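Peer 1: Please read through the structure below; I'll follow up with questions.
The values are calculated or read from the model by the stated rules, or taken from the named source; none is laboratory data. In this text the structure is predicted, and so the values were computed from the model without any measurement. Here Cβ is always computed from backbone atoms with ideal geometry, including for glycine, and neighbour counts include all displayed protein chains.
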Amino acid sequence: MFQSREKLAFVSSDAEDARTAAASLAKRYGQCSVEEADIVVALGGDGFMLHTLRETMDTGKPIYGMNRGTIGFLMNEFREGDLHERIEAAQPETIRPLEMEATTARGEVQTALAINEVALWRQSYQTAKIMITIDGQVRLEELYCDGVMVATPAGSTAYNLSAQGPILPLDAPLLALTPVSPFRPRRWRGALLSNRATVRFDILEPEKRPVNAAADHTEVKAISCVTVRESPTATATLLFDPSHSWNERILAEQFLY
């Protein structure tokens, strides 16, 4: 898909290993600005990859990540050699973020994009009390919980997985609706939704049970309702080595013990 001599822009997190790797790679392969580059090479962990994806959203520039961070689920293995050849053989995966529209108790409306998830969680010692509506139909009149989220396939291995949510293949046309510590109904463990679904969360008793919401790292405090849907227009592209593709990582993660 990609030519063997694409112009590269190396960007890195603030971690020393990432900065050192970016400087070494730039010296070896040349450095372009992000605006001029054909491919952006991100050095860091998953958090920095999310930052890079947000910064380059809708530019059409694919991101090839190499792990110089802690987890690196979204990253390829770090190696300095044969970088052009690796990029040429890489498999592209399209990421579609979620759109969050959050209304605060004061009536202010804030919007943000989320590559991983839109998450709600209680702000005080009181459990949150939330009504969930899917495509205009109330599906759960009262959910008592510590929180609840809508996760993308890309985000299904992050906070969603920690909350016992399902892992989704990257090309699955699905979203994961996952509660965090549900108290009532106690046995409800969430749902799989079409990626075309619109999810609305209404906060019940917001003064007594205040709730915050976040689209990845964009947080809105003291919300009254939140609407979440997959963006119909915004996209980003990740590049994965064929030997360690996203689908392979998804399968491997599900067979860990």
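Peer 1: For segment 4-54, give me each residue that is over 20 Å from F240 (Cα atoms) and surrounded by 21 or more Cβ atoms within 10 Å (Cβ to Cβ).
Peer 2: none
Peer 1: Something else about it: Determine whether E93 is modelled with pLDDT under 95 and either charged (D, E, K, R) or surrounded by fewer than 14 Cβ atoms within 10 Å (Cβ to Cβ) (or both). First the steps, then the outcome.
Peer 2: Numbers: modelled with pLDDT under 95: yes; either charged (D, E, K, R) or surrounded by fewer than 14 Cβ atoms within 10 Å (Cβ to Cβ) (or both): yes.
When the stated conditions are applied, E93 passes them.
Peer 1: Can we say I87 is touching a residue at least 40 places away in the same chain (Cβ under 8 Å), crowded, with 20+ Cβ neighbours inside 10 Å, in the same structural domain as S243 (by TED's automatic domain parsing) and not charged (D, E, K, R)? Working first, answer last.
Peer 2: Working: touching a residue at least 40 places away in the same chain (Cβ under 8 Å): yes; crowded, with 20+ Cβ neighbours inside 10 Å: yes; in the same structural domain as S243 (by TED's automatic domain parsing): yes; not charged (D, E, K, R): yes.
Spelling it out, I87 is indeed touching a residue at least 40 places away in the same chain (Cβ under 8 Å), crowded, with 20+ Cβ neighbours inside 10 Å, in the same structural domain as S243 (by TED's automatic domain parsing) and not charged (D, E, K, R).
Peer 1: Follow-up. Looking only at segment 174-192, which residues are of a type outside the set (S, T, N, Q) and in contact with an Asp or Glu (Cβ under 9 Å, 6 or more places away or on another chain)? Full working, then the answer.
Peer 2: To start, the set of residues in segment 174-192 that are of a type outside the set (S, T, N, Q) comprises 174-177, 179-180, 182-192.
Within segment 174-192, L175, A176, P179, V180, P182, F183, R184, P185 qualify.
Peer 1: Can you report the number of residues in segment 125-183 which are surrounded by 24 or more Cβ atoms within 10 Å (Cβ to Cβ), in contact (Cβ under 8 Å) with a residue 40 or more places away in the chain and touching a Cys at 6+ places or on another chain (Cβ under 8 Å)?
Peer 2: Residues that pass the stated criteria total 2.
Peer 1: Scan segment 60-88 for residues that are more than 19 Å from T237 (Cβ to Cβ) and aromatic (F, W, Y) and jot them down.
Peer 2: Of everything in segment 60-88, just one residue is more than 19 Å from T237 (Cβ to Cβ) and aromatic (F, W, Y), namely F78.
Peer 1: Do we have any residue at all in segment 64-82 that's under 30 Å from A222 (Cβ atoms) and without any contact (Cβ under 8 Å) to a residue 40 or more places away in the chain? Steps first, answer last, please.
Peer 2: Going residue by residue through segment 64-82, those that are under 30 Å from A222 (Cβ atoms) are none.
Looking through segment 64-82, none of the residues is under 30 Å from A222 (Cβ atoms) and without any contact (Cβ under 8 Å) to a residue 40 or more places away in the chain.
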